[in-house]
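The values are calculated or read from the model by the stated rules, or taken from the named source; none is laboratory data. Model, not experiment: these values are computed from the prediction. In this analysis, Cβ positions are derived from the backbone assuming ideal geometry, glycine residues included, and neighbour counts consider all displayed protein chains. For accessibility, only protein heavy atoms count, side chains too; no ligands or nucleic acids. Shrake-Rupley method; radii C 1.70, N 1.55, O 1.52, S 1.80 Å.
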Amino acid sequence: MAGRHITLDELATELSAIELRLRQLARAAEVPASPVELADVIDSLRSTASTVRETGDRMGLLARIVDGDVPLATRFRDSDDPWGVAAHGTDRPGYGGPVIVPTVWQLLKLAQDAKRPGGGETTTYPEAMDGIASAGSPRPPPPGAAGSGTPLSPSRSCA
């Protein structure tokens, strides 16, 4: 893992290694050094490995989406609302505001919708998010924080 942040490709790779290790442990537990029945443990390890595999596969697809290799619908099919930069200035009262930064599940849905016949206009994640700061981008400090230029009011002081 490079730096403070993990890439989605790195996350998918790490999850794949964890899944493999869980399956290896389940196999090893079939013949323990001590005579103990570990069927429930083995089943749990295999089940957890399957869940980790699904998450790893999802992160792999998400990495392709974020890299711009997967087309995405420009609007949510159920509500016709835009997302990303196009959502600035829109209001979604039923959903708590605009979807400027979509969730994993929303991105997977947008990818599915882009594949549907008659799915409409498509975009890529880099195009739709152009100009939106990422988690690793510097952000201005909150009011009152050191370097913000905005002093705390007496009612907000921490003294």
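Details
- Residue, nearest to V104 (Cα to Cα), within region 29-47, restricted to residues that are open to solvent by 60 Å² or more (accessible area, probe 1.4 Å) and in a helix (DSSP H, G or I): S47
- Hey, D69 loosely packed, with under 15 Cβ neighbours inside 10 Å and modelled with pLDDT of 95 or more or not: yes
- Among the conditions (1) modelled with pLDDT under 95; (2) over 29 Å from M129 (Cβ atoms), the only one that L20 does not satisfy is (1).
- Out of E54, E14, sole residue that is closer than 30 Å to D130 by Cβ, modelled with pLDDT of 95 or more, open to solvent by 70 Å² or more (accessible area, probe 1.4 Å) and under 18 Å from the mean Cα position of the chain (by Cα): E14
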